[in-house]
Ligand code: C5P
């Protein structure tokens, strides 16, 4: 996504400017072509050489240097930039941007460029909450700037409040989203489910599965970076919410069903990559079950002190959507669906993948089904890579090579986009 993209990173004179070194380094590592411009006061915190060393390109500072090269460069950078990210953006520079002042190389490029502007304000709490800064940010947002909200926490001064520069991953997410705003999913709403569900046995125990959520999170970030509005409905996972994605956290299959129903009413695509439990304990105990063998809430202990857990079927979320389409209704809110919903399912299998997958594609009336063999250690649950087969409703099966999950996500969206036309 970032390979060979022209990104200009502006650095202002705030203490958080040292964190921008990491951002520039990560951008360079992903293959982006990063030009850095420092304001005069940024140079007091971090030397231009530091940025040049991590970006592998010159870092710019003084617009007025005698050779005139910088003056020429500010037009070149403004024209060639695909995104201008100002990290950190100080109250002073925000004020200049809001008023069209171009008194240094960074603000001159900002005024001259047509590229989207990503602003990551970071400053002392009371400067951030000052009405002047609030008004400047509101004006910049209204003009289309992407504002990455600062985090609330401990500031360099020791004060607690808003003003902390977010983590590099968040900044990378904001830059990727800005770059992809006119991508092939622009104007589309997509819903992705991820992770596994937890079906309670009692308040502390559950029936679960090994899904890590990585595939679903990769599908959600890929859609974001192609311009989509993304709703990610996830079971409990150990992953950070991707920037720019609306995350709905759920636990059980029934909660996931409600969230999917609500979110898909006006959506274009649903990808069910979640491992939804097919069964749930019939009657979860209200209190923690004790091993002493006391019969409690319908659970009868046998002579050896064990017991049988009675499971009932969960609704099939994709199956219900197919059935609702057949009857010409949308679930829950009958008749409200405006558009056709492209439906994509996953089949995680440990044997007979092809025949099970083909059966599911037909039974759940899907547009695409992604089959993955979860018996391999380099594929499926928890792995960083995935080996999948893609089955098409129109017929045909593709056998994709083992790839990082982010690349698998791109391949899946490549096959969904033509179905939207
Ligand atoms: O039939 P099976 O559960 O193996 O099908 C897997 C696919 O169906 C996945 O896309 C999964 O997210 C979805 N599913 C569902 N509702 C369930 C179980 C699975 O939509 N109750």
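The values are calculated or read from the model by the stated rules, or taken from the named source; none is laboratory data. Model, not experiment: these values are computed from the prediction. All Cβ positions, glycine included, derive from the backbone under ideal geometry; neighbour counts span all protein chains shown.
Just to be sure, is residue 286 more than 16 Å from the ligand (Cβ to nearest atom) and modelled with pLDDT of 85 or more?
Answer is yes for this residue.
Annotation: residue 257 fulfils all but one of (1) over 24 Å from residue 388 (Cα atoms); (2) touching a strand residue (DSSP E or B) at 6+ places or on another chain (Cβ under 7 Å); (3) within 11 Å of the ligand (Cβ to nearest atom); the unmet one is (2). Here the condition is being outside any loop (DSSP other than H, G, I, E, B), at pLDDT 95 or above and more than 22 Å from residue 42 (Cα to Cα); of 181, 141, it holds for 141 alone.
Taking the criterion of being modelled with pLDDT of 90 or more and within 11 Å of the ligand (Cβ to nearest atom), would at least one residue in the range 326-342 satisfy it? The answer is no; no qualifying residue exists.
Filtered by the rule that a residue be assigned to a helix (DSSP H, G or I) and under 19 Å from residue 180 (Cα atoms), the range 59-118 gives 78, 79, 80.
If you check 266, 258, 240 for being surrounded by fewer than 19 Cβ atoms within 10 Å (Cβ to Cβ) and assigned to a helix (DSSP H, G or I), only one passes: 258.
If a residue has to be away from the ligand (no atom under 16 Å from the Cβ) and not in a loop (DSSP other than H, G, I, E, B) to count, how many in the range 243-254 make the cut?
Residues meeting the conditions: 3.
Just one of the numbered conditions (1) more than 28 Å from residue 152 (Cα to Cα); (2) at pLDDT below 95; (3) more than 23 Å from the chain's Cα centre (by Cα) is not true of residue 15: (1).
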